Amino acid sequence: MSGGRDLAIGAADRKLKAKAKSISMPRANITLNHGGKDQKQRERSKTLSFRRTGVSAEVFTGKEKFEKKVVEKNEDTKMRIRSILWKNCLFQHLDTEQLETIVDAVEEVHFNEGDVIITQGESGDNFYIIEMGAAEAWISKPGSKRLEKVKQYSSGESFGELALLHNAPRAATVKASTDCVLWAVDRSTFRAIMMSTTQHKRETYENFLKDVPLLKTLNNYERATIADVLEPEYFDPQQNIIVEGGKGDKFYLIEEGEAEARTQGKVVMQYKRGDYFGELALLNDAPRAATVTTLTRCKVVSVNRDLFKRLLGRLEDILQRKKEDYEKMNAETAVSPANAPFSPPKAEAAV
Amino acid sequence: MFNKIFAQGPQGAGASPGKSRSDAGKDQHATSSVPRNLSTPGSPKHKAWLDNPKWADFKLGPILGTGSFGRVHLAHYQPQSRNLVCATKSLSKASILKTKQVIHVKQEKGILQRLDFPFIVNLFGYCQDDKCVHLVLEYVNGGEFFTYLRSTGRFDEQTTRFYASQVLLSFEYLHGQDIIYRDLKPENLLLDSKGNIKITDFGFAKQIDRRTYTLCGTPDYLAPEIILNKGHGKPVDWWAFGVLIFEMLAGYPPFYDDDALGTYQKILSGRLNFPGHFSRSAKDLIRRLLVADLTKRIGCLKGGVEEIKTHPWFASTNWDNVYNRKDTPPLRPKVSAEDDASCFDDYSKMEPMKHEFVLTPEDQKVFEDL
C-alpha cells in the first residue's frame with residue numbers, strides 16, 4: 001500500500017476509486033462471470049447491502065433468583081436428550097452441571113399432525129427436540145408467498161436453537177407431519193441456567209482465591225480476571241496431580257474431592273474443597289516440594305504462571321506494587337492497621 | 001451552556017480537543033493520547049448541554065435513519081429566535097417496553113450525557129412526550145460510514161488504518177471509564193464534514209463493574225463469550241474491533257453467513273479465512289484480536305491497549321495526531337451546508353412512526369427517572 005496520507009484529498013479520493021476499479025474481486029454492483037464462487041460473492045453482496053440490526057436478549061442483571069426447574073424423566077430419556085444437546089454447537093461448551101440442569105428443565109410438549117410448531121417471521125422462545133414423530137421445515141423466500149420445503153426432522157433431531165440466544169424472527173415454519181412428542185426449553189430458562197451456573201462458579205472461584213495468602217493483594221478486578229480463566233481438570237482416585245521434584249508452573253485449587261500431599265512418602269497435608277497447592281509456581285519454577293495424590297475423584301482448577309503474567313503481569317511486581325501502595329497509604333494517614341483502635345462495625349449483612 | 005452550543009461553528013466542531021486535554025493523559029502512558037481523568041460522574045464540565053428543551057421547539061427535517069424502536073431526524077431547534085441544527089433520535093416508548101429495553105435506553109442517555117470525545121457523537125440534551133423519548137444529538141452531516149464502505153466495496157489498508165485508529169482511541173477512552181460499547185459495526189459510524197469518524201448509537205453501551213451478562217450486539221460482531229453466555233466485559237469490544245478491520249479490508253465480515261446461526265457456528269469454530277490481499281501485519285493483528293481465548297486476545301491483557309497501538313500494523317500511526325485530527329481523512333463527504341442531508345439515504349417514502357399501544361400512567365412511570 002504505497003502513497004502517503006498527505007496526498008491531496010481529491011487525489012486520495014481518485015486513487016481510492018481507481019484502486020476499487022482495479023481490484024479483482026467483484027464488488028457489490030459489478031457482475032463478472034458466472035462461476036460458483038462469484039455467485040456466492042454476489043449473493044453475499046446482496047445481503048450485505050442491508051443495514052444489520054442489533055439483537056438483544058432480555059436484560060439480566062445477575063441479581064434475579066433462579067429457581068431450578070425439574071421435570072421428571074427416566075434415565076433413558078435423559079441420555080437421549082444429552083446426546084442430542086452434545087451434537088449442537090451452542091451446547092458443546094457447557095459443563096456437566098449446566099448440561100444436567102438443562103436436561104432437568106426440558107419439558108414435554110405434544111403436537112398433532114399438521115400443527116404449526118413455529119412460524120417463520122414470528123418471534124420465538126423455544127428450542128425443540130423431537131422425541132417421537134416427524135416434522136418439516138418450510139421457508140417462504142422474500143417476495144414470494146410460496147412455501148418451499150427445506151428440511152425434514154425425525155426423532156432425535158432438534159430445531160429452533162437460535163431462540164435460546166436472543167429475540168430474532170424464526171427463519172422457517174416447522175409443521176408436525178405426524179403426531180409428535182417434543183422436548184422443549186425456553187430462552188428465559190436457558191439463559192437463567194447459563195447465568196446462574198456461570199455466576200455461581202465465578203463467585204466460588206473468587207472466594208477460593210480470596211483465601212490464598214499469596215494472592216491476598218489482588219484487588220477484586222484482578223481476582224475476577226483470574227477466576228475467569230481457571231481451567232478445570234478431572235482426576236480419578238489415586239492419581240498424582242503434581243510430583244515431588246517435578247517442574248512447577250501451575251497453581252491448583254480443589255473444587256471437588258479430596259487429596260493429600262506427601263513428601264518423601266510421608267503425608268504432610270490433606271486437601272479438600274476450597275484448598276489450594278502449588279501457589280509458589282506462580283513466582284518461580286522451583287521443583288515441587290511434594291507429591292499431591294487424589295484420594296477421591298477430584299475436580300481441580302488451575303492457572304499457570306505464563307497465563308497469569310499475560311493477564312496481570314508478574315506476581316512479584318504485584319506484590320511489590322501493593323507493598324509500596326500500602327506503605328504510602330500508611331505514611332499519609334500515619335496510622336498502621338495494627339494501631340488502629342478498632343475496625344468500624346460492619347453494616348447489617350444484606351440477606 | 002446554552003450559548004456555547006449556539007456559538008459553535010458549522011459541523012459542530014465542539015470544544016476542540018486541544019493540547020491541554022491531550023497532555024492530561026500523559027502521565028498514564030507514554031503513548032497514550034486519550035485523557036483518562038474524565039471519570040467523574042455527571043457531565044464533563046465543559047460539555048455543552050440544553051436544559052429541558054421543549055419538543056415543540058424542534059422543527060423536524062428529513063429522516064436520517066431508522067432503527068428497531070424509532071427513527072432519527074435532522075432537526076432545527078428554534079427556541080425564540082435562535083437556531084441549532086441537530087439530529088433527534090426518537091424512541092417509541094411502547095416498543096421499548098414491549099422488548100424490555102428500558103434499561104438500555106436509560107443507559108444510552110446516561111452514558112452519552114457523560115461523554116465528550118472527538119470521535120463520539122455528542123448528546124446535547126433530551127426530552128420526552130407521551131409516545132417517545134427524544135435524544136437531541138449533534139448532527140453529523142457526512143453520512144454513514146456504512147454507505148461509503150459498501151459503495152467502495154472495500155478499503156485499502158491506509159484508509160482502514162485511519163478509521164480503525166479513530167475507533168481505537170474511542171474505545172480506549174470508553175474503557176478508561178469502564179464503559180463497554182458492544183455494538184461496533186460500520187452502520188454505527190458516521191462521518192463528519194471533513195471525513196472523521198463519529199461513533200453513534202449507544203443503545204447497548206454499558207457502565208460495567210468487571211462483567212455483564214445480557215446478550216446484545218449484532219450477530220456478525222459478537223464475540224464467542226457473548227454467544228456462549230459466559231458473561232463478558234471489555235474484551236468483546238476488541239473482538240468487534242478485529243471484525244471491523246477485517247470487514248473494512250475485505251468488504252465483508254469474517255464470519256459471514258446467510259443466517260445468524262451459521263454465523264455463530266463460524267464464530268465458535270475459530271476459523272479465519274483471509275482474502276489474499278491482506279498484508280501480513282493486518283492478518284497478524286486480526287488473529288490476535290479474533291481469538292476466543294481471553295488470555296490471548298490483545299487489548300485487555302497486562303499490556304492493555306498499548307499492545308494494539310504498538311502492533312506493527314499501526315507502526316506508521318502517530319497517536320497524538322490521530323487524537324488531534326491532524327491527518328487528512330481519506331474519505332471526504334460532499335456537503336454544502338451544516339444542515340445538508342444529501343449524504344444520507346432518502347427515507348422520504350417512509351410511513352409515519354407507529355406506536356404499538358398507548359401507555360398507561362403506570363407505563364409512563366417507568367420513564368420518569370430517565
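Each reported figure results from applying straightforward, stated rules to the coordinates on display, with no laboratory input. Quick caveat: nothing in here was measured; it's all calculated off a predicted structure. Virtual Cβ from ideal backbone geometry, glycine too; neighbours counted across all protein chains shown.
To the nearest Å, what is the center-to-center distance of the stretch A:189-212 and the stretch A:234-304, using C-alpha atoms only? A separation of 23 Å, based on Cα centres. Could you list the residues of the stretch B:253-280 with an amide nitrogen less than 18 Å from a label point located 7 Å from the Cα of A:C89 in the Cα-to-C-beta direction? Only B:253-274 fall inside the zone, counting backbone N under 18 Å. Peptide B:149-160 shows a mean partner chain C-beta count of 6 within 10 Å per residue C-beta. Taking amide H positions as modeled 1.01 Å from N, with prolines and chain starts lacking one, the residues under 5 Å from A:M269 and 5 or more places away or on another chain are A:A261. From least to most packed, judged by other beta carbons within 10 angstrom and beginning with the fewest, A:S144, B:S165 follow the order A:S144, B:S165.
Looking only at the stretch B:166-180, which residues have a backbone nitrogen under 19 Å from a spot 7 Å from the Cα of A:R321 in the C-beta direction? The answer is B:172-173, B:175-179, whose backbone nitrogens lie closer than 19 Å to the label point. Annotation: aspartates and glutamates with alpha-carbon distance below 15 angstrom to A:K73 (same-chain offsets under eight excluded): A:E100, A:D104, A:E107, A:E108, A:E131.
Between B:L135, B:Y148, B:I197, the Cα set farthest toward the positive side of the dipole of the stretch B:82-197 (charges on each charged residue's Cβ, about the Cα centre) is that of B:L135. Since only A:F277, A:V243, A:Q264 are under comparison, the one whose Cα sits farthest along the positive direction of the charge dipole of the stretch A:234-280, derived from C-beta charges on Lys, Arg, Asp and Glu, is A:Q264. In order along the stretch A:251-263, the Karplus-derived 3J(HN,Hα) couplings, from 6.51 cos²θ - 1.76 cosθ + 1.60 at θ = phi - 60°, round to 10, 10, 10, 8, 8, 9, x, 10, 8, 9, 10, 10, 10 Hz, and Gly and Pro are given as x.
Between amide H atoms placed 1.01 Å from N, distances below 5 Å from A:D179 occur with A:E113, all of them 5 or more places distant or on a separate chain. Computed from phi, the 3J(HN,Hα) profile of the stretch A:142-159 under the Karplus parametrisation 6.51, -1.76, 1.60 (θ = phi - 60°) reads x, x, 10, 8, 5, 8, 10, 7, 10, 6, 10, 10, 10, 4, x, 9, 9, 7 Hz, with x in place of Gly and Pro.
Across every pair of non-identical alpha carbons in the stretch B:276-365, the mean reciprocal distance, once inverted, gives a Kirkwood radius of 18.8 Å.
Would you mind counting up the charge near B:L64? Only other residues with Cβ under 10 Å from its Cβ, with Lys and Arg at +1 and Asp and Glu at -1.
Neighbourhood net charge equals 0.
Does the stretch A:41-162 classify as rounded, prolate or oblate by the C-alpha gyration tensor (a ≥ b ≥ c root eigenvalues; a/c under 1.5 gives rounded; else a/b over b/c gives prolate, otherwise oblate)? Here the stretch A:41-162 falls in the oblate category.
Overall, the anisotropy analysis places the stretch A:117-230 in the prolate class: the square-rooted eigenvalues a ≥ b ≥ c of its C-alpha gyration tensor yield a/c not less than 1.5, with a/b exceeding b/c. As a rough footprinting exposure proxy, the listed residues A:M194, B:M248, A:M79 were ranked by other beta carbons within 10 Å of their own, and the order from fewest upward is A:M79, A:M194, B:M248.
Just add up the charged neighbours of A:G257: K/R +1, D/E -1, any other residue whose Cβ is under 14 Å from the Cβ of A:G257. My count for the surroundings of A:G257 gives -3.
Take each residue of peptide B:199-207, count the partner chain Cβ atoms within 10 Å of its Cβ, and average: the result is 1. Remark: spin-label model distance B:W55-B:N318 equals 4.9 nm, labels positioned 7 Å along the Cα→Cβ axis. Model label sites at B:R82 and B:K296, defined 7 Å from Cα along the beta-carbon direction, differ in position by 5.5 nm. Within the stretch A:86-147, which GluC sites (Glu not before Pro) sit in a loop by DSSP and count at most 14 neighbouring Cβ atoms inside 10 Å? Taking the stretch A:86-147 and a limit of 14 other Cβ atoms within 10 Å, the loop GluC sites (Glu not before Pro) found are A:E113, A:E122. A straight chain from A:K69 to A:D306 at 0.36 nm per residue would run longer than the Cα-Cα distance by 81.2 nm.
Charge dipole (Cα centre; +1 on Lys/Arg Cβ, -1 on Asp/Glu Cβ; no other charges) of the stretch B:68-220 amounts to roughly 440 debye. Neighbours of B:F344 by Cβ distance under 15 Å: Lys/Arg scored +1, Asp/Glu scored -1, total -3. Annotation for A:L214 and B:E338: the two label points, set 7 Å from Cα along the Cα-Cβ direction, are 6.3 nm apart. Note that the stretch B:133-140 has calculated 3J(HN,Hα) couplings of 9, 10, 9, 9, 10, 4, 8, 9 Hz, one per residue in order, obtained from phi through the Karplus relation 6.51 cos²θ - 1.76 cosθ + 1.60 (θ = phi - 60°); glycine and proline are x. Loop-located GluC sites (Glu not before Pro) in the stretch B:277-361 (DSSP state not H, G, I, E or B) with no more than 12 neighbouring Cβ atoms inside 10 Å: B:E356.
Potential lengthening of the chain between A:Y221 and A:S144 amounts to 22.4 nm, from the contour at 0.36 nm per residue minus the alpha-carbon distance.
Could you tell me the relative contact order of the stretch B:159-210? Use alpha-carbon pairs under 8 Å, at least six residues apart, and round to a whole percent. Display every interim value, and only then the final one.
Values: 44 pairs, mean separation 19.4, N = 52.
For the stretch B:159-210, the relative contact order is 37 percent.
Ranking B:S279, B:Y347, B:G304 by Cα position along the charge dipole of chain B, where only Lys, Arg, Asp and Glu carry charges on their C-beta atoms, puts B:G304 farthest toward the positive end.
Going by a ≥ b ≥ c, the root eigenvalues of the Cα gyration tensor, does the stretch A:124-187 fall in the rounded group (a/c under 1.5), the prolate group (a/b larger than b/c) or the oblate group? Taking the square roots of the gyration eigenvalues as a ≥ b ≥ c, the stretch A:124-187 is oblate. In whole Å, how far is the Cα centre of the stretch B:254-268 from that of the stretch B:119-157? The distance from the Cα centre of the stretch B:254-268 to that of the stretch B:119-157 comes to 27 Å.
Cβ crowding within 10 Å ranks A:L214, B:L359, B:L215, A:L90 as A:L214, B:L359, A:L90, B:L215, fewest other Cβ atoms first.
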